[in-house]
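Chemist: Please find one structure pasted underneath; my questions will follow.
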Amino acid sequence: MIADQYDVFLFDLDGVIYLDDAVLAGSRRCIRKLRAMGKSVYFVTNDPRPTRQELCNRLNSMKIVVSPEEIITSGWATAQYLAKNNISNVFAIATAGFTSELEAVGIKANFDGSCQAVVAGYNENTNFVQIQQAIRHLEAGARFIATNGDQSFPGRNGRCIATGAMVELIRKVSGKQPLIIGKPYSYLFSAALQSVAPGSRIVMIGDSLETDILGAHRQGLDAILLSKEKCCFPSKHDYRMPDRIISHLWELFKPNEEVKPWRNPGFVWPDAVKPGVAAVIFNGQRQVLLVKRKDNGLWGLPSGHLEIGETVIDAIKREIQEETGLLVEVEKLIGVYSDPVSQVFSYPSGAATHFITLSFLCCITGGCLKADDHEITDVAFFDTVICRLIF
């Protein structure tokens with residue numbers, strides 16, 4: 001049975017253990033059974049509003065026995081992150097529960113004056129004045145940190161607005177990209193697993209493909225979706241594809257059932273898919289032009305992306321001139337590359353993009369070879385034998 005495959009079980013709360021104030025059928029019996037089998041159980045939630053103790057009291061009132069140390073909220077994990085990074089004065093959009101988690105580690109949720117960071121949590125009473133204050137702090141140089149990016153959460157009467165919707169508003173207006181602590185990003189999982197013994201077999205059980213399943217797979221963990229519906233993605237390598245779907249938690253104890261373990265497909269999960277262009281350029285000695293990128297220190301073909309309203313021919317000419325100083329004419333298309341193993345690129349901001357790259361053979365018509373010193377630190381022609389050694 002599935003329960004025998006793992007030592008540690010991470011459970012989402014909303015939609016898995018309870019919904020609003022109602023405990024979901026089978027969750028009590030499931031947790032009791034896992035504990036009786038000697039399994040470790042943790043509850044991992046993106047809800048930043050309550051303290052761990054408040055959630056502990058809530059679960060205990062539902063007759064689910066749990067300690068505060070077994071509960072990891074995005075609010076608590078955010079407070080831990082801020083403390084570890086010496087951020088002690090923040091402008092926080094928060095409930096009293098999240099504010100108390102901040103204060104417990106010596107962080108002042110200061111709503112006046114300057115601050116080191118804007119921390120976007122959730123408060124149903126948030127107004128546009130507070131959002132505008134957050135934007136002003138970001139414009140003054142404060143860091144932007146969000147407890148989670150969920151756009152909504154389940155309620156009895158349908159979806160409810162969540163932190164991510166407000167975060168997106170602040171991001172759009174300020175132009176600042178937030179560091180997000182909660183699922184599907186790694187910090188919340190790292191916080192949950194910090195006391196887990198090395199080598200433990202771990203599984204995440206949740207009801208969200210975009211946070212629970214994606215987040216677990218980004219962390220290298222197996223993931224089970226609790227759902228009565230099937231899900232399907234065009235690519236078998238999609239990180240959001242669960243390793244198993246169950247309609248009831250008691251299926252964890254069903255004889256002769258198991259989970260096929262997650263296998264990383266070899267590429268970083270991208271935030272977006274974008275069109276890109278690359279150029280193959282030879283000189284008179286049949287040497288090929290390569291550039292060294294500032295963001296990752298690697299050598300590669302001159303390349304870039306398309307701007308809105310730009311043709312691919314215009315894009316490749318512009319990118320070559322910007323990166324190398326050379327003027328070129330495009331001779332022909334020589335390849336289209338979309339393999340995510342080689343075409344997903346990560347950036348210092350933490351974002352990753354999957355490029356569908358059109359590669360063109362180009363000839364030099366003018367210009368002077370030089371690195372732009374903005375994206376490119378060096379540019380040179382190499383013998384093709386040396387290129388094989390570089391790559």
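Chemist: Of all residues in segment 16-41 being crowded, with 21+ Cβ neighbours inside 10 Å and of a type outside the set (A, V, I, L, M), which is farthest from residue 181 (Cα to Cα)?
Modeler: 30
Chemist: Please specify each residue of segment 311-326 satisfying the condition of being surrounded by 14 or more Cβ atoms within 10 Å (Cβ to Cβ) and without any contact (Cβ under 8 Å) to a residue 12 or more places away in the chain.
Modeler: Within segment 311-326, just 314 meets the criteria.
Chemist: Of the residues 122, 185, which is under 16 Å from residue 98 (Cβ atoms) and touching a Lys or Arg at 6+ places or on another chain (Cβ under 9 Å)?
Modeler: Answer to the check: 122.
Chemist: Tell me the strands (runs of 3 or more DSSP E) entirely within segment 104-215 that contain at least 3 residues that are touching a residue at least 60 places away in the same chain (Cβ under 8 Å) and buried (at least 18 other Cβ atoms within 10 Å of the Cβ).
Modeler: Of the strands (runs of 3 or more DSSP E) lying wholly inside segment 104-215, those with at least 3 residues that are touching a residue at least 60 places away in the same chain (Cβ under 8 Å) and buried (at least 18 other Cβ atoms within 10 Å of the Cβ) span 202-206.
Chemist: While we're looking at this one, here's another question. Going residue by residue through segment 18-38, is there one that turns out to be acidic (Asp, Glu), over 25 Å from residue 186 (Cα atoms) and either touching a residue at least 60 places away in the same chain (Cβ under 8 Å) or in the same structural domain as residue 123 (by TED's automatic domain parsing) (or both)?
Modeler: Within segment 18-38, one or more residues are acidic (Asp, Glu), over 25 Å from residue 186 (Cα atoms) and either touching a residue at least 60 places away in the same chain (Cβ under 8 Å) or in the same structural domain as residue 123 (by TED's automatic domain parsing) (or both).
Chemist: Return the residues of segment 219-234 that are within 16 Å of residue 200 (Cβ to Cβ) and in a strand (DSSP E or B); say none if nothing qualifies.
Modeler: 222, 223
Chemist: With the structure loaded, tell me whether residue 342 is within 13 Å of residue 278 (Cβ to Cβ), at pLDDT below 90 and among the small types (Gly, Ala, Ser) or whether it fails that test.
Modeler: Yes; evaluated as a whole, the condition is true for this residue.
Chemist: Examine segment 66-74 for a residue that is more than 25 Å from residue 213 (Cα to Cα) and in a strand (DSSP E or B), and state whether such a residue exists.
Modeler: No, segment 66-74 has no match at all.
Chemist: Only residues that are within 22 Å of residue 215 (Cα to Cα), touching a helix residue (DSSP H, G or I) at 6+ places or on another chain (Cβ under 9 Å) and either modelled with pLDDT under 90 or not in a strand (DSSP E or B) (or both): list them for segment 16-26, please.
Modeler: Of everything in segment 16-26, those that are within 22 Å of residue 215 (Cα to Cα), touching a helix residue (DSSP H, G or I) at 6+ places or on another chain (Cβ under 9 Å) and either modelled with pLDDT under 90 or not in a strand (DSSP E or B) (or both) turn out to be 16, 17.
Chemist: Let me ask something else about it. Filter segment 226-254 down to the residues that are surrounded by 13 or more Cβ atoms within 10 Å (Cβ to Cβ) and farther than 24 Å from residue 32 by Cβ, then identify the one that is modelled with the lowest pLDDT.
Modeler: Per the stated criteria, the residue is 231.
Chemist: Output the residues belonging to segment 344-386 that are in contact with an Asp or Glu (Cβ under 6 Å, 6 or more places away or on another chain), surrounded by 15 or more Cβ atoms within 10 Å (Cβ to Cβ) and not aliphatic (A, V, I, L, M).
Modeler: 372 - this is the single residue of segment 344-386 that is in contact with an Asp or Glu (Cβ under 6 Å, 6 or more places away or on another chain), surrounded by 15 or more Cβ atoms within 10 Å (Cβ to Cβ) and not aliphatic (A, V, I, L, M).
Chemist: How many residues are more than 20 Å from residue 332 (Cβ to Cβ), of a type outside the set (A, V, I, L, M) and in a strand (DSSP E or B) when one looks only at segment 266-292?
Modeler: Of the residues in that region, 2 qualify.
Chemist: Separate question: Out of all the residues in segment 85-103, which are surrounded by 15 or more Cβ atoms within 10 Å (Cβ to Cβ) and among the acidic types (Asp, Glu)?
Modeler: Scanning segment 85-103 gives a single hit, 101.
Chemist: Also, I was wondering about something else. Have a look at 77, 104 and point out the one that is among the aliphatic types (A, V, I, L, M) and farther than 26 Å from residue 213 by Cα.
Modeler: 104
Chemist: Something else now. Which condition number does residue 64 fail, the rest of (1) surrounded by fewer than 17 Cβ atoms within 10 Å (Cβ to Cβ); (2) within 15 Å of residue 44 (Cβ to Cβ); (3) of a type in the set (A, V, I, L, M, F, W, C) being met?
Modeler: (1) is the only condition that residue 64 fails.
Chemist: Can you find even one residue in segment 68-80 that is within 17 Å of residue 226 (Cα to Cα) and either assigned by TED's automatic domain parsing to the domain that holds residue 148 or basic (Lys, Arg) (or both)?
Modeler: No, segment 68-80 contains no residue that is within 17 Å of residue 226 (Cα to Cα) and either assigned by TED's automatic domain parsing to the domain that holds residue 148 or basic (Lys, Arg) (or both).
Chemist: Take the conditions closer than 25 Å to residue 19 by Cβ and outside any strand (DSSP E or B) and apply them to residue 99. Does it pass?
Modeler: Spelling it out, it is not the case that residue 99 is closer than 25 Å to residue 19 by Cβ and outside any strand (DSSP E or B).
Chemist: Against the definition (in the same structural domain as residue 146 (by TED's automatic domain parsing), touching a strand residue (DSSP E or B) at 6+ places or on another chain (Cβ under 7 Å) and modelled with pLDDT of 95 or more), how does residue 118 come out, yes or no?
Modeler: Spelling it out, residue 118 is indeed in the same structural domain as residue 146 (by TED's automatic domain parsing), touching a strand residue (DSSP E or B) at 6+ places or on another chain (Cβ under 7 Å) and modelled with pLDDT of 95 or more.
Chemist: If only one of 243, 212 is closer than 23 Å to residue 71 by Cα and of a type outside the set (Lys, Arg), which one is it?
Modeler: Going through 243, 212 in turn, the sole match is 212.
The values are calculated or read from the model by the stated rules, or taken from the named source; none is laboratory data. All values derive from a computational prediction rather than experimental measurement. Don't worry about glycine lacking a Cβ; one is built from the backbone with ideal geometry, like all the others, and counts go over all protein chains shown.
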